[in-house]
1. LEU49: surrounded by 14 or more Cβ atoms within 10 Å (Cβ to Cβ) and either in contact with a Pro (Cβ under 6 Å, 6 or more places away or on another chain) or farther than 20 Å from THR98 by Cα (or both), yes or no?
2. How about the range 202-215: which of its residues are surrounded by 15 or more Cβ atoms within 10 Å (Cβ to Cβ) and acidic (Asp, Glu)?
3. So if I check each of GLY79, GLY46, GLY7, which one is assigned to a loop (DSSP other than H, G, I, E, B), of a type in the set (Gly, Ala, Ser) and either under 20 Å from the mean Cα position of the chain (by Cα) or closer than 23 Å to ARG236 by Cα (or both)?
4. From (1) away from the ligand (no atom under 16 Å from the Cβ); (2) of a type in the set (A, V, I, L, M, F, W, C); (3) in contact with a Phe, Trp or Tyr (Cβ under 6 Å, 6 or more places away or on another chain), pick out the condition that doesn't hold for LEU267.
5. From the residues in the range 14-38 that are of a type in the set (D, E, K, R) and assigned to a helix (DSSP H, G or I), which one is farthest from LEU175 (Cα to Cα)?
6. Within the range 168-176, identify whether any single residue is among the polar types (S, T, N, Q), within 15 Å of the chain's Cα centre (by Cα) and surrounded by fewer than 24 Cβ atoms within 10 Å (Cβ to Cβ), and answer yes or no.
7. Please work out which residue is nearest to the ligand (Cβ to nearest atom), limiting yourself to the range 277-301 and to residues that are within 19 Å of ASN253 (Cβ to Cβ) and in a helix (DSSP H, G or I).
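No lab work stands behind these numbers, since they all come straight from the coordinates. Remember, it's a predicted structure, so these values are computed and weren't measured experimentally. So basically every Cβ, Gly included, is an ideal-geometry build from the backbone, and we count neighbours across all protein chains shown.
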Amino acid sequence: MTTSLKGNDILHGNQFLKKDIDAILKTASYFEKALKRKDQIPLLKGKILATLFYEPSTRTRLSFETAMQRLGGGVVSMGSVESSSVAKGESLTDTVRTVAQYADIIVIRHPKTGSAKEAADAVPIPVLNAGDGAGQHPTQALLDIYTIKKELGSLNNLKIALAGDLKNGRTVHALVEVLSLFGAKLYLVSPDILRMPEEITSRLRGKGMEVTETTDLKQACQNSDLVYMTRIQKERFTDLSEYEKLKGSYVINEDFLKQLNKKIVILHPLPRVDEISPAVDEYSGAAYFRQVRNGVYVRMALLAMVMGKTVKT
Ligand code: NCD
């Protein structure tokens, strides 16, 4: 369990205590205000972040790199797998051991579940999990919780629907762990074969959370203040015809919103395929691009905190 982030890895949504989350959210909020004032924040001047992405990424990598540069630090990046020695067959451990000779922090995304932990165990510097296969994506969960708090005003008595590929979606796997600290009421909406792993739902229930599994997105949204949409994770399917059958299972469009007799906040970790139609972007509850922006503040907080920097919040 984490009590201070200094020198720590960030690997799993269940590693945090409530007071860690409070400290992260406060620090992120401090950086949000500082950036809005256009302050210079050279807290990590002279430090280097290495980003190792073995899977595609737009937001996670660029927001980490932005966050590090906003804090005055430098960034080195492995670029694509094809352009690095990974293409020659270098092991994950050898690659991270090498990178640890250059950098002060490593951010890693890899297709194998458990790979971030494997990397963290191989090096003495902090390793931040930016997605390990269908496993976890804890830094996304933290920016999600920051966004939920901003959009809904509080983290107490939450009613949240999570919809889409709950089996393979690492963002939801990490987010529910963090939400479990706040006792939210959850509606898990998915096609039957893409349900949240039982191991996770039973842990949530064990912590006293009220968890309803359903295939009905409309009903779940009627009962929720916020819906977290996710993409069906095509890259995790071994049988692509299965994917073809399931894609498009849940779509939020203007018609869907009209049928709800209430306002709902919509989040999505992005990228979207067809889960939210672009026309919905104009709706005031569509918060997914605000969510993207929050990623920078939260990742600034995480980088500063693992490097042992504190700010007056
Ligand atoms: C997610 C991911 O990579 O898990 N993207 C992200 O980090 N914002 C979601 C996804 O790919 O569907």
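1. So LEU49 does not fit the description; no.
2. GLU213
3. None of the others qualify; the one that does is GLY79.
4. Going through the list (1) away from the ligand (no atom under 16 Å from the Cβ); (2) of a type in the set (A, V, I, L, M, F, W, C); (3) in contact with a Phe, Trp or Tyr (Cβ under 6 Å, 6 or more places away or on another chain), LEU267 breaks only (1).
5. LYS36
6. The answer is yes, given that some residue of the range 168-176 is among the polar types (S, T, N, Q), within 15 Å of the chain's Cα centre (by Cα) and surrounded by fewer than 24 Cβ atoms within 10 Å (Cβ to Cβ).
7. Across the range 277-301, the extreme among qualifying residues is TYR288.
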